Amino acid sequence: MSGPLLTIAREWYKSSDDYSFDPRFHNMSAFAGVPTQRTPALALLKRRGMTRLAEFHEAGVTATTVSRMERAGEIVRLARGLYQLPDAELDTQQSLAEVARLVPKGVICLGSALAFHGLTDQMPSKVWIAIGRKDWRPRFTYPPVRIARFSDELLRRSAEIKKIAGTPVPVFGVAKTVADLFRYRRTVGDALAIEGLRQALRQRKVTPAEIAREAEAAGVWATMEPYIMALTSDA
């Protein structure tokens, strides 16, 4: 085939290919209602409050989509790899929720837990979080954190799930927090440990018996007993 006939044939195949692959000629009803990555991304944020980049990936949302949504103002980046909706309600304990999302295996502890329970006016400059002795140490710089290493048994003991900024956050209970402060008293200071014990008893957020059980488990009952006896005898 040559000459005009060849030219006509080439044009026919070209137009045929264009028809086959040009989406304007396809029936788009098959794609109607199929959610984009944006839809599950927003649903995930509404459900969890704060979402890590790894969680977006698990939901089938790419880092490119997340980046585009951030540039468009649909989401905000709180820290490296952590995102939230721009209209989410702010919470005075927001940093606790941020750290909890960045350290999924951790539990808010010591001075940060004490402040959360309303037992001190001292707000730690860094968020205290407990992790296992062999757990990976967080490397992010914001929010600033202080790490406490706990045995697996103590890490699982008396952790309570609290809702902060729409996010479930594990926080040690009052009795365990007070016992842990005495266990870490050389780091946090005797004054904070004693204040925590005094306020916990004064506000009746815990009983002496509950503190005693946690103190025994933490191995600090001998240290705490004189303080508990003195504070309860004055009551």
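In terms of the ratio Rg/(2.2 N^0.38 Å) built on C-alpha atoms, what value belongs to the stretch 25-184?
Compared with the compact-globule rule of thumb, the stretch 25-184 sits at 1.22.
Under 1.5 on a/c is rounded, so check that first for the stretch 176-220, then, if it is not, pick prolate when a/b is larger than b/c and oblate when it is not; a ≥ b ≥ c are the square roots of the alpha carbon gyration tensor eigenvalues.
oblate
Can you give me the Cα centroid spacing of the stretch 179-201 and the stretch 67-85 in angstrom?
Between the Cα centre of the stretch 179-201 and that of the stretch 67-85, the gap is 38 Å.
Of the options 212, 226, 158, report the single residue whose Cα projects farthest towards the positive end of the charge dipole of the stretch 153-235 (beta-carbon charges: Lys, Arg +1; Asp, Glu -1).
Farthest along the dipole direction, towards plus: 158.
Explain nothing, just the number: dipole magnitude of the stretch 177-235 about its Cα centre with +1 on each Lys and Arg Cβ and -1 on each Asp and Glu Cβ, in debye rounded to the nearest 20.
My answer is approximately 140 debye.
What ranking of 184, 83 comes out by heavy-atom accessible area, probe 1.4 Å, highest first?
Largest to smallest exposure gives the sequence 184, 83.
So which lysines pass the test for residue 126, namely a Cα distance under 28 Å, with those fewer than 8 places away in the same chain ruled out?
46, 105, 134, 162, 163, 176, 205
What size of dipole, in debye to the nearest 20, comes out for the stretch 100-235 about its Cα centre when the only charges are +1 on Lys and Arg C-beta atoms and -1 on Asp and Glu C-beta atoms?
640
Please list, in order along the stretch 113-125, the HN-Hα scalar couplings obtained from phi with the Karplus expression 6.51 cos²θ - 1.76 cosθ + 1.60 (θ = phi - 60°), rounded to whole Hz, x for Gly and Pro.
5, 4, 5, 4, 7, x, 10, 7, 8, 7, 9, x, 6
Per-residue HN-Hα couplings for the stretch 64-77, Karplus 6.51 cos²θ - 1.76 cosθ + 1.60 at θ = phi - 60°, whole Hz, x for Gly and Pro?
5, 5, 4, 4, 5, 5, 5, 5, 7, x, 6, 9, 10, 8
The values are calculated or read from the model by the stated rules, or taken from the named source; none is laboratory data. All of these numbers come straight from a predicted model, not from anything done at the bench. Reconstructed Cβ throughout: ideal geometry from the backbone, glycine too, with neighbour counts over all protein chains shown. Side chains are part of the model used for accessible areas, which takes the heavy atoms of the whole protein and leaves out ligands, DNA and RNA. Shrake-Rupley method; radii C 1.70, N 1.55, O 1.52, S 1.80 Å.
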